[in-house]
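Here the structure comes first, spelled out in structure tokens, and everything after it is commentary.
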């Protein structure tokens, strides 16, 4: 039995259930004979490089439960791609604190980091167990059926569109709502989960798995508006042209206007934390279909990953469980490293179980929505609904009056 | 006893509990001896002008409960200022259907409409009872202690800022969130209700009751960022200069740039349904404090008035009760017309009761936040917290780990 301390870090964009996984790790690790001290690193690999560690073994149960229900990384998060030198510094910290168990909560970049740490620790002759605990509202990790964090974000988006559709019935017009998801449409697709029929919005759903054609978009909006006198549209922030270039960038180049928003250090255009895409699309609709139309755009922004008061109970329970499962796998005999994944079980009632998949099967690449969930140029299929609904904990349909005519 | 039919309409921007008031009206009206038929008008005064009425007397109880929990106007809403001709057409409809009881759910413009209807019906010798049922997330009606719709919107905003503050702790930077409220800061002020101490965001709160000074704003943000390494800011969409001109308009004129957003038919700049204000302020912070800062802006938009999954139970109950109280007042002997208001009762536990106030005390003018709730150039006082907290149904503080240093 490999004996030593354990450390956990949290990485990337937060979710509302990321601390469930942290608490699952703590609960299981304090019980594990192989683990001497249950540590955490502030701001992920940054804390591990700098030796900024905290002892999590003495946290009272009521604090743990309250923290589990608190959104965003309780230890602080980080966006940092580790290089060889970084990992060398991390291994120094591991040696200094006798850390033999490394856990890292995050998306595919985080899995890659865990993979690099495992390799470098081996090179430096420091025996370790390295496990990735999945987390992303984008739901774009490979292998796993779905990702902890997605169910709650999907629930928020489904509810948001239900309310917005009712608002749009009350005061009619064209309403565009921009959802997160740069590469994959999972979260935008969740906008449809509260729909009962074709009259319920969103009436149009544009996903990054498809090429976004502004002409077709305008024609689609006009068709729905002619039919219903109103139109609610879900748009992924990642919509792009046939060459994969973001719509906002293409639009700015064509119109000769300054690029709305900023670029990040990788030269990617900023998509989150700005209303630029929604406002640009709203302007396009007014230009194309008439300035007298009432056109509004909202960008759901960080609320999708941080709103604390509408969490999926299924998601919360699974997020807790992947944290526990990572510790069990690490102290078990079967795996020296891996990523925890979820498998959906057969049967009428939704249920899932965890399993371990090699780090390199999850690292680097992401998973788009499959063809079976995509309906033509826009929209989703009933198969997507069957897949996603249980993860949200259930979305109750809105209700209408019978309204007998007088 | 004045016998006849009753009609109700819903007006202006929706709330998540506006249908509670509708259902309260139906429940009380179907029991009232004086009321023959319980009717509703589609899209408020528009339906009354056009005779587009529905019979609400036969709606099953389970439908009513489901509709009460559904956001936005179930009968459809309208933004229309009635003129003399409009009211003449409405009175024709009232005569045709023997309508003697008129109820109108909305804000101060709606109260004014009820007042005009009462006067014109009198001129045309059609005896009627005219009652206004209060509703607005802006909480800006006079006389009443607070407005149905506000508690739920305040709850949403408080929770949104709690989650966003946790997000901002995880990945530090400067985060601006724009809240609704063109003239009054009540909803923006609710951003503070989940705060435990000075480290919790929002750290800065800009309300339309005060003059917005961009220089002071930048200095405030810099001070908080220096102190905490991060900063969360709540901004009302209604921030303006000393002459009352919206910030966005002043900024566009000074910078010579095109006015972001559009103007409405009254020449007011469009504030809702666009991210322009948040994006402009974010740009200002980057210009003023350094382009290397991580600055993001979200605009909470229509979610504040329509998100169905985080309703205040106190607000829902009060919204139901004002609908009931309006019917009781209308069939009683004391008042020929009026607006239903809420009075806060003395005592440890929060409780309220309804009373009737003359229509002209509520019509036209609105109510800003009083001085006792405003703290200097920005922010709110503990007195505001005491006032607003019970209306939300309670906001539970977020939790931190103890994090014993290693």
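The values are calculated or read from the model by the stated rules, or taken from the named source; none is laboratory data. None of these values were measured; they are calculated from a predicted model. Reconstructed Cβ throughout: ideal geometry from the backbone, glycine too, with neighbour counts over all protein chains shown.
Worth a mention:
- All positions within the stretch B:169-210 that are within 14 Å of chain A (Cβ to nearest Cβ) and over 26 Å from residue B:14 (Cβ atoms): B:169, B:170, B:171, B:172, B:173, B:174, B:175, B:195, B:196, B:199, B:200, B:201
- Residue that is farthest from the other protein chains (Cβ to nearest Cβ) [pool: residues in the stretch A:46-93 that are buried (at least 24 other Cβ atoms within 10 Å of the Cβ) and over 20 Å from the mean Cα position of the chain (by Cα)]: A:90
- Residues in the stretch A:282-301 that are in contact (Cβ under 8 Å) with a residue 24 or more places away in the chain and either assigned to a strand (DSSP E or B) or more than 8 Å from chain B (Cβ to nearest Cβ) (or both): 11 in all.
- Filtering the stretch A:159-201 to residues that are at pLDDT below 95, within 15 Å of the chain's Cα centre (by Cα) and surrounded by fewer than 24 Cβ atoms within 10 Å (Cβ to Cβ) leaves A:182, A:183.
- Boolean, residue A:5 is touching a helix residue (DSSP H, G or I) at 6+ places or on another chain (Cβ under 6 Å), within 12 Å of chain B (Cβ to nearest Cβ) and touching a residue at least 40 places away in the same chain (Cβ under 8 Å): no
- Odd one out for residue A:98 among (1) surrounded by 23 or more Cβ atoms within 10 Å (Cβ to Cβ); (2) out of contact with any helix residue (DSSP H, G or I) (no Cβ under 6 Å at 6 or more places or on another chain); (3) within 14 Å of chain B (Cβ to nearest Cβ): (1)
- When B:323, B:338 are checked against the criterion of being touching a residue at least 12 places away in the same chain (Cβ under 8 Å), touching a helix residue (DSSP H, G or I) at 6+ places or on another chain (Cβ under 9 Å), at positive phi and not in a loop (DSSP other than H, G, I, E, B), B:338 stands alone in meeting it.
- Scanning the stretch B:355-373 for residues that are at negative phi and either modelled with pLDDT under 95 or touching a helix residue (DSSP H, G or I) at 6+ places or on another chain (Cβ under 8 Å) (or both) yields a count of 10.
- Among residues of the stretch B:307-320, those that are farther than 16 Å from residue B:22 by Cα and either touching a strand residue (DSSP E or B) at 6+ places or on another chain (Cβ under 7 Å) or in contact (Cβ under 8 Å) with a residue 60 or more places away in the chain (or both), counted: 7
- Residues (assigned to a helix (DSSP H, G or I) and surrounded by 24 or more Cβ atoms within 10 Å (Cβ to Cβ)) located in the stretch B:305-314: B:305, B:306
- Selection status of residue A:142, more than 13 Å from residue A:315 (Cβ to Cβ), in contact with a helix residue (DSSP H, G or I) (Cβ under 8 Å, 6 or more places away or on another chain) and in the same structural domain as residue A:68 (by TED's automatic domain parsing): yes
- Sole residue being surrounded by 24 or more Cβ atoms within 10 Å (Cβ to Cβ), over 30 Å from residue A:301 (Cβ atoms) and in the same structural domain as residue B:110 (by TED's automatic domain parsing), chosen from B:317, B:329, B:336, B:341: B:341
- Residues located in the stretch B:271-281, provided they are in contact with a strand residue (DSSP E or B) (Cβ under 8 Å, 6 or more places away or on another chain) and touching a residue at least 24 places away in the same chain (Cβ under 8 Å): B:271, B:272, B:273, B:274, B:275, B:277, B:278, B:281
- Flag if residue A:38 is within 19 Å of residue A:128 (Cα to Cα) and either more than 23 Å from the chain's Cα centre (by Cα) or within 12 Å of chain B (Cβ to nearest Cβ) (or both): yes
- With respect to being under 30 Å from residue B:99 (Cα atoms), in contact (Cβ under 8 Å) with a residue 24 or more places away in the chain and more than 14 Å from every other protein chain (Cβ to nearest Cβ), residue B:388 falls outside the description.
- Among the conditions (1) facing another protein chain (nearest Cβ under 9 Å); (2) closer than 23 Å to residue A:193 by Cα; (3) in contact with a helix residue (DSSP H, G or I) (Cβ under 7 Å, 6 or more places away or on another chain), residue A:276 misses just one, which is (2).
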